[in-house]
Structures are given as structure tokens and as C-alpha cells.
1. Find the residue count for the range 36-49, including only residues that are near ligand 1 (Cβ under 10 Å from one of its atoms) and either assigned to a strand (DSSP E or B) or out of contact with any helix residue (DSSP H, G or I) (no Cβ under 9 Å at 6 or more places or on another chain) (or both).
2. Out of (1) more than 10 Å from ligand 1 (Cβ to nearest atom); (2) assigned to a helix (DSSP H, G or I); (3) touching a strand residue (DSSP E or B) at 6+ places or on another chain (Cβ under 8 Å), what's the single condition that is false for ALA30?
3. With respect to ARG81, determine if the residue is of a type in the set (D, E, K, R) and more than 16 Å from ligand 2 (Cβ to nearest atom).
4. Going by the conditions given, is GLY2 more than 16 Å from ligand 2 (Cβ to nearest atom) and without any contact (Cβ under 8 Å) to a residue 12 or more places away in the chain?
5. Checking the condition of a type in the set (Phe, Trp, Tyr), in contact (Cβ under 8 Å) with a residue 24 or more places away in the chain and touching a helix residue (DSSP H, G or I) at 6+ places or on another chain (Cβ under 6 Å), which residue from PHE234, PHE223 passes?
6. With ASP94, ASP62, ASP80, ASP13 as the choices, which residue is outside any strand (DSSP E or B), within 16 Å of ligand 3 (Cβ to nearest atom), acidic (Asp, Glu) and out of contact with any Phe, Trp or Tyr (no Cβ under 6 Å at 6 or more places or on another chain)?
7. In the set ASP345, ASP375, ASP352, which member is free of Cβ contacts under 8 Å to residues at least 60 places away in the same chain and closer than 23 Å to ARG288 by Cα?
8. For the subset of the range 302-333 comprising residues that are within 13 Å of ligand 1 (Cβ to nearest atom) and not hydrophobic (A, V, I, L, M, F, W, C), which member is surrounded by the fewest Cβ atoms within 10 Å (Cβ to Cβ)?
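The values are calculated or read from the model by the stated rules, or taken from the named source; none is laboratory data. Note that the structure is predicted; figures quoted are calculated from it, not measured. Neighbour counts are summed over all protein chains in view; Cβ atoms, including those assigned to glycine, are modelled from backbone coordinates with ideal geometry.
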Amino acid sequence: MGVTAVVGLQWGDEGKGKVVDILSQRADVAVRCQGGANAGHTVVVKGRRFILHLVPSAILTDGILCVIGDGVVVDLDVLDREIEELGRAGFPVDGRLVVSTRAHVVLPVHKELELLQERSRGDARLDTTGRGIGPCYSDKHARLGIRVGDILEPAALGGRVTGLFRAYAAFGRGGLKSSIEANLAYLELHTGLVKRLAGDTGSLLRQSLSQEKKVILEGSQGFMLDVDHGTYPFVTSSNTGVHGLATGSGLAPARIDRVVGVVKAYVTRVGAGPLPTAMEEPVHSEIRQKGGEYGATTGRPRRCGWLDLAVLRYACALNGVTSIAVTKLDTLSGLSPIKVCEAYDLKGTRLDRFPARTEVLEECEPVYSLHEGWDTLEGISRTQDLPQAALAYVERIGEAASAEVELLSTGPGREDVLRLGS
Ligand code: GDP
Ligand code: IMO
Ligand code: MG
């Protein structure tokens, strides 16, 4: 198959990094398309744990070309550090990583603005990752942003940064600590890095497809954090679903052959915003502990909830999901019964669509079914050896998603996976 998109179907941290790592064993090119260093994708290979923020998770697989595409907002400091760490770990990126000249650059001033915005929200703050994502995308859409390719035009760069600060002053943001000079110096500092990596990635990808290469689009965040379709305003600032992957890679949407939706066996959320199926104590703390539910980017504890099929159905419908990868089923081992949210009840009426307003979502009561648990999944490497109750749980996910469960992940390692289906 030509292009496979991998999309998180919940609130992020579903295990996309692990799934991309597995799928990249049979691919040629892998692409990050949206988001930025707010992402933290974990891959565990031979007991070594890697957390990737900007470089595609496929970098750990030999011979794959990795691309940071048009729609990503690039933190050059993080990228520089990540490349250095990968090199030290024995995974040099030279000749294997290309960054789009169209991608926007997160500037130091964006991080300052984010801090000010979060502070100004008071109790209504979003608990963002502090990576400058929102302000960078805001400037991009206001047509004020600085793109990777701009760094290659030093004669014009000063004018662009000055123009940005002029606009800030016009908005009454004159009191920023960050200066034109400091932001310009930051960009100039990274000129060497950009010169080494920048390219026309969209054109490269289209060419790869014409050569019958297999391409993986690695989604970041989760669909419920999508700026249009998620739990607004408690979302990130990009389109995290398949739409964002098409535009952010520079490929025509119709070129995407396969959409693999990644579903954690329960849900987690880091940062503010509604989580209708939040688990009760002490189960909540037990699952957080057992699942290691602490942010891969910020280390913040993640809130944990029961599997939410209302979310799953909504996310599958909007992403045209063609198959599912279920992760972290092992974390639920030993728990019985396991609750699953079948639908939402709003003031006595069962909702047949996902509410657009957060205020409404907060009033929804999950309608739960109870599933029998299983003891352990340890040592199981064949589908036929799965406990009946675990298999039934996975089948329920496939049924709600109206898609085949293709992969079942039972541990963090590359080898902890069962390939189901035909
Ligand atoms: P991503 O952002 O979607 O790539 O997910 P994260 O890397 O932020 O979070 C997923 C966490 O779960 C990481 O620590 C993974 O190593 C881990 N993980 C992934 N799949 C499994 C699994 O099937 N079982 C267990 N126990 N851990 C898993
Ligand atoms: P991966 O790719 C989980 C959350 C933040 C915050 C909201 C907005 O690892 O799944 P932002 O910094 O993007 O403006 O923050 O989105 N968030 C994530 N939560 N996983 C992620 O990425 C996330 N990226 C952003 O916690 O609530
Ligand atoms: Mg993550």
C-alpha cells in the first residue's frame, strides 16, 4: 500500500510512536506532518527507550527516509538536541532526515507569549506543553510567521522578524521581554542546522510515491485534541486527524490508502479539559502507576479514564479509519470488571452524536457496560492463546470502530505485539 496514515483516536499518548515503529519495518519513508515538540512519542527497541519529539519514530529503523513536513512547527533547539542524542545512541540522521522549507519555526517569543496567554486565562488555563505551539500556529495563520526556508535568505530574514514585532506592537503586545535582536540571533544560530536539513519535502514525497515507495504519515496528538473537531478550547492548535496529515505532508488526501487508528485500551488526558469517563479511585491511581501514565514531554501525570466508545465512534467516522491498533491491553490485566462507556446520556436522553460544546460534554453521563477481566497477557504471542475475555474486549473495540483490529500491543517493546485479522 502506498500511503498509511497513523492517527491517535483519543487525547494523545495512545502509543502512536510504537505503532509507527512497527509499521515502519515495512516502509520506505516516514513523515511527521503537524504539531511540533509538544509531541512525545516513545519507542522501545531491545530494552532501550527513545522519546521522539520532532524526528519521526521510524528513525530507529534502518534505511527509512524521515521527513518533517510542511505542517509541522519546528523547535530548532529541540531538533538540534534530538539529532545529537540520536547520533550518540548510534542512530545518525545525516542523509536520512529532511525538514520542509515550508514548515514554520517556533521562536523564543512564541514561548513567552504562550506563558502570558496561559497566565491571563487564570483558572481557565489550558495547561499547554509550553512549547510555543499555539502562538506559532497563530502567527502562521495570521501570515506573519517565519518559515524554515526564510532562514536560508539572510538578507530578508531581519525584515521578516521586524515585521512580526511591528504587528505585535500594533496588537498592543509592546511589553514583551523578547526582542527582535534576540529572535534573529536565535534563527542565525541555527542556520547551519537548517542548511544541512532543509528541502522541498512535499515534492520529495510525491516523487517517492511515483517510485512506488511506501510512506507512513505519523500523526501527533490525538483526534480529541484537534483544533476543529476536538474538545475546544481544550485542544492543540493543529488538525491532528487525517486531514492534517494530508495537508501537513503535501500529499493529496486521495493518495492515503490506509488509516490506522491507534486506540489505548483505556483513555488518558494530560492537561485541562473534559474527560467524561474519568476513573474513580483507587483504580485511577493503580492504572496510572501500572501504565506509567506520565507525560513523555512534560512528565506531568496523565488523568486516566475508561475506554470511551462515544469518542471512538466519532473519531473513526471523521478519520475514515480503515483498521485499528489497540495498545496497552496489558495495563488492564488483573482488573475485573472493566467498565466501557457505550454512549453518553444527556439529561435522560441518549446522545447519538458527539457534542460540539465542552459545556454540554461536561453535563454528559457515560452509560457503562461491564466487561469481564483477565489475569495476564504475559508470554502470549499468538492470538489463539489470548484469554477469551481479552479477545472479547478487543472485538468490542473493532465493532465500535467498524474496522478490523490489525495490531494488538501488549507491552512497550517492539516485539510485544500480536498481528490479528486477515
Ligand atoms: P504516543 O505519544 O502516542 O507515541 O504515546 P507515548 O509514547 O506518549 O505514550 C505511550 C506510552 O505507553 C509509552 O511509554 C510507551 O512505551 C508505552 N506503551 C506503548 N504501547 C504499550 C503497550 O501495549 N503496553 C504497555 N505497557 N506500554 C505501552
Ligand atoms: P502526543 O503526540 C498528549 C495537550 C496538552 C494540552 C493541549 C494543548 O505525544 O500524543 P499545546 O502545547 O499543544 O498547545 O497543548 O494539548 N497535548 C498533548 N497531550 N499528547 C500529546 O502529544 C500532546 N500534545 C499536546 O497537554 O492539554
Ligand atoms: Mg506522547
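1. 5
2. For ALA30, the exception is condition (2).
3. Numbers: of a type in the set (D, E, K, R): yes; more than 16 Å from ligand 2 (Cβ to nearest atom): yes.
Answer is yes for this residue.
4. Details: more than 16 Å from ligand 2 (Cβ to nearest atom): yes; without any contact (Cβ under 8 Å) to a residue 12 or more places away in the chain: no.
For GLY2, the condition - more than 16 Å from ligand 2 (Cβ to nearest atom) and without any contact (Cβ under 8 Å) to a residue 12 or more places away in the chain - is not met.
5. Numbers: PHE234 fails: touching a helix residue (DSSP H, G or I) at 6+ places or on another chain (Cβ under 6 Å).
On inspection, the qualifying residue turns out to be PHE223.
6. After ruling out the rest, the residue left standing is ASP13.
7. Answer to the check: ASP375.
8. Of all residues in the range 302-333, those within 13 Å of ligand 1 (Cβ to nearest atom) come to 302, 304, 325-333.
Still in the list and also not hydrophobic (A, V, I, L, M, F, W, C): 302, 327-328, 330-331, 333.
Working: ARG302: 22, THR327: 26, LYS328: 24, ASP330: 22, THR331: 23, SER333: 18.
Among those residues, the one meeting the criterion is SER333.
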